[in-house]
Each structure stands twice: as C-alpha cells, then as structure tokens.
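The numbers here are math on the coordinates, done by the rules we state, and not lab data. None of the values given here were measured: they were computed from a predicted structure. Positions of Cβ are generated from backbone atoms using ideal geometry, with glycine treated the same way; all protein chains shown enter the neighbour counts.
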Amino acid sequence: MTLIKSISGIRGTIGGQVGDNLTPIDAVKFASAYGTWIMQQRDKEDYKVVVGRDARISGKMIQNLVMNTLIGMGIHVVDLGLSTTPTVELAVPMEHADGGIILTASHNPKQWNALKLLNHKGEFLDGEEGAKILEIAESDSMSFADVDSLGKITKNQAYIDLHIIEVLDLQLVNVKAIEHARFRVVVDGVNSTGGIAIPLLLERLGVDVIKLYCEPNGQFPHNPEPLKEHLTDLSEAVKKHKADFGIVVDPDVDRLAFMDENGEMFGEEYTLVACADYVLSRTPGNTVSNMSSTRALKDVTEKHGGTYEASAVGEVNVVKLMKKNKVVIGGEGNGGIIYPESHYGRDALVGVALFLSLLADKQMKVSELRKTYPNYFMSKKKIELTAGLDVDGILKEIEKRYQNEQLITIDGVKIDFPESWVHLRKSNTEPIIRIYTEAKSQQEADTLADTFIEEIKKVKL
C-alpha cells in the first residue's frame with residue numbers, strides 16, 4: 001500500500017495507516033493545505049473551488065471529505081459530482097473559481113485514488129506551487145473558519161453538457177460532415193465517467209453508439225489503462241457490431257485510444273499524431289509532446305511545415321512549452337490531446353471530435369488512415385522500485401555509459417540512437433522506473449527495452 005506526494009497532487013491506495021496510504025486523515029490534511037494555498041494567492045472576501053470525481057468506488061467518500069474540509073475553511077465549493085478531468089478544468093474559469101480538485105487516480109486500479117489540483121485557470125499547478133502545498137501540509141499551519149464564516153456547497157451537474165457544447169462549437173470540429181458520415185462506434189467507458197461523457201458527445205454528433213462498460217459504478221471490468229492487452233472485449237465488440245472503430249478512455253477521460261474496424265489498435269501514440277495531422281492541415285504551426293512520445297509527431301509536424309519540440313514528462317511541462325512555443329496542438333503520447341483553442345489540458349472529448357472530423361474529411365477506414373503515418377513501434381515497460389534503491393544513481397551511471405550517444409537529461413535519461421531511442425525515468429505517480437523505447441519494429445523495441453532492464457538490474461553503485 002502506498003502514498004505518493006508530488007507536485008501534481010497526492011495519490012495513494014485506500015485504507016491502511018495514516019501517512020502511508022490515502023486515508024481520510026491524509027485527504028483532509030492535503031485538502032486543508034490546498035485550501036490554505038488558495039487563500040494565500042489572492043486577498044478577497046469569498047473563495048470558490050470546483051470539485052469533481054471519476055466513478056471509482058472510493059470517490060464519493062474522498063470527495064465528501066475534501067469538500068467538507070474546504071467549507072470548514074470558509075471556501076465555497078461547486079460540486080460537479082461524477083465528472084471528467086477536462087470537464088473540471090473547463091468549469092474552473094467558467095465559474096470564475098480560485099481553483100479546482102479532481103478526485104481520480106487516472107489509469108491506476110480501483111484501490112487507488114488521488115487529489116489532482118488545479119489553479120484558477122483550470123490548469124495543473126507548476127512545480128513551485130505544488131511544492132508550496134506539500135510544505136504547508138507538513139507545517140500543520142492550516143486554520144479554519146468560525147461558525148458564521150463556513151463555506152457552502154452548490155451542486156452543478158450541467159458541466160458535462162456544457163463541455164460537449166464547447167467542443168461542438170470549436171471551429172475545426174466539422175459537425176455536419178460527421179453527421180453525414182453516419183459512423184458506428186463502440187465505446188469502452190471502463191465503467192467510469194467516460195461512459196457518460198463520450199456517448200453523449202457522439203450522440204450529439206449523429207454517431208450510432210454501442211456502449212461497452214459504460215455504467216459509472218467504479219467496478220473496472222479490466223485494467224483501466226487503455227493498452228492493447230486490456231482491450232480484448234472492445235476488439236470483439238467492434239468486429240461483432242461491424243463498427244467503423246472503437247474508442248476507449250481512462251477513468252477520468254483525459255487519455256484516448258482508438259481501435260480500427262478490424263479490432264486492431266490504432267496505436268495510443270497515434271491519437272495525437274492523427275489529431276495533429278488534422279489541425280495542422282488547417283492551422284499550420286508548431287507542436288509539442290513529451291520526450292517519451294513517438295517520433296511520428298515530429299514527422300507529421302515537419303510535413304506541414306511546422307517545428308516540433310519535446311518537453312519533460314508531465315502535463316504541466318508539456319503545457320509550459322506549448323505556451324512558450326505558441327503551438328497549435330500538443331499533448332502526450334499516452335493518448336492525451338491538448339488543444340489550446342479549447343483549453344490547456346488533456347481532453348478525450350476534444351480528441352474524439354477532432355478525430356471524427358479527420359475521418360469524415362478523409363473518407364477512409366481507420367486502418368487505412370493509420371497506414372498514412374510513419375510506422376514506429378513502442379515498448380512501455382517498468383521496474384518496480386524496492387526500498388533503498390538509488391534510482392538517481394542508477395540513471396547517472398547509465399548516462400555515463402552512453403555519454404557518446406545523443407542524450408537528453410531534462411527528465412531522467414533519453415538516449416537517441418539513429419534508428420531508435422530509449423527513455424528511462426522515475427515515475428512521479430507510481431513507485432517504478434519507466435522504460436520507454438521506440439524502433440522500426442515491435443521486436444526491436446521490446447528487445448531494446450529488455451536489454452536496458454537487464455542493464456539497470458546489474459548496475460552496482
């Protein structure tokens with residue numbers, strides 16, 4: 001059982017000992033620290049925070065703890081109830097709120113939950129802001145409101161609908177062309193809030209929707225990370241219903257993957273590639289993704305006359321570089337689409353609408369579309385961390401061994417070989433070392449990953 005405190009929030013497994021897991025006391029402590037930080041940002045009479053959650057089993061409990069902590073500090077709360085991460089991000093500025101909290105552990109299994117923290121723009125906190133909240137949490141310097149100054153909770157369950165309206169109003173979302181195409185799509189909502197939001201969006205676009213695991217009860221029917229090995233039921237359903245393609249999202253709906261009409265993965269990495277291809281064809285410009293993402297985005301960007309740059313891993317790092325480079329689209333290779341015309345956050349609803357617009361424009365099958373992009377293969381593996389393991393020392397040793405290769409060390413170690421690359425980094429959200437590789441074939445990518453796993457295991461410090 002684990003509790004991970006990082007600049008992006010607090011994440012842990014439910015139950016167990018205080019300070020070692022995400023217990024009610026830990027939830028209250030970090031909500032209090034966040035509330036304190038919120039009130040330090042601006043001196044005003046009233047403060048407001050938007051709170052929403054995915055459908056995981058512990059969500060209602062954690063949300064009630066968080067909301068009641070905030071009103072105990074005199075902060076008003078807008079309760080979105082079951083929602084999505086991008087919906088909460090949009091709601092914060094629409095409510096003129098001071099911040100937002102999403103209760104979700106993203107792709108982690110059902111025993112996990114987390115507090116993901118937003119600023120007044122509806123964007124994730126940067127490193128300095130996150131570090132300040134951790135400092136406040138450890139200082140026990142939080143104070144609470146007197147009985148006449150308590151905050152209030154206001155329920156607002158309209159924001160998924162408002163989010164859909166915002167997506168449909170985007171200039172590049174070709175609603176008429178999508179309606180005319182009469183797509184049939186299977187949606188795997190992993191029994192979370194994607195099962196609410198994605199079908200509603202598709203129905204508004206005139207798509208024939210077949211729902212698979214769209215009951216938001218938090219009982220994940222398979223590992224909730226949208227990877228090929230977890231999606232055999234979606235593959236069978238796409239073939240059975242003769243669908244044009246399949247859609248799968250993670251529990252909080254900021255990651256998006258597609259499956260072609262043959263029940264084969266389009267490739268999680270290629271979600272951003274395809275959406276960027278569409279956006280760049282109409283609004284030329286630059287792109288950004290993190291350094292664990294496919295080279296294919298660079299290829300597509302340069303095809304359209306733009307420039308590509310890689311950031312450190314983490315949505316806040318991607319967004320920072322996107323703003324600096326004034327890009328037209330960016331995101332992460334894990335299926336995270338960040339489209340500034342909407343907002344600076346990964347958004348599966350935006351990704352679905354852009355992908356459908358591309359398909360309606362190209363008038364080709366999903367499998368045919370995939371063949372139009374450079375063919376790279378990626379391996380994503382990990383090593384579980386054991387107590388006392390000097391991860392930084394291990395990465396420094398790997399860096400030393402490959403000092404004559406092209407290296408990027410802004411986030412772990414990335415070694416760029418002529419025909420492949422490997423990226424080794426310590427996860428911010430799980431007790432693991434991630435090993436990402438990419439090559440011209442799956443076998444080469446897997447072999448490269450396995451080679452580095454063995455090399456890491458043999459490092460002696």
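Key figures
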| read-out | value |
| --- | --- |
| Gyration tensor (alpha-carbon) shape descriptor, the chain, a/c threshold 1.5 | oblate |
| Selection from 68, 350, 281 lying farthest towards where the dipole of the chain points positive, charges on Cβ | 281 |
| FRET E, pair residue 44, residue 171, Förster distance 35 Å, beta-carbon r, rounded to 0.05 | 0.50 |
| Proxy reagent accessibility, fewest Cβ within 10 Å first, across 294, 287 | 294, 287 |
| Ranked list, fewest to most other Cβ atoms within 10 Å of each Cβ, for 240, 29, 228 | 240, 228, 29 |
| Contour minus Cα-Cα distance for residue 442 and residue 134 (0.36 nm per residue) | 106.8 nm |
| Neighbourhood net charge (11 Å Cβ-Cβ; Lys/Arg +1, Asp/Glu -1) for residue 265 | -3 |
| Hits among aspartates and glutamates - C-alpha to C-alpha of residue 176 under 14 Å, sequence gap 8 or more where chains match | 203, 361 |
| Cα centroid of segment 240-275 to Cα centroid of segment 45-123, whole Å | 27 |
| Check: the chain dipole with +1 on Lys, Arg Cβ and -1 on Asp, Glu Cβ, in debye | 480 |
| Förster radius 35 Å - calculated FRET efficiency between residue 94 and residue 368 (Cβ-Cβ, nearest 0.05) | 0.35 |
| Among beta bridges that DSSP assigns inside the chain, antiparallel share in %, nearest 5 | 55 |
| Calculated [θ] (222 nm, deg cm²/dmol) that DSSP helices of n ≥ 4 give over the chain, each run adding -39,500 (n - 2.57) | -11500 deg cm²/dmol |
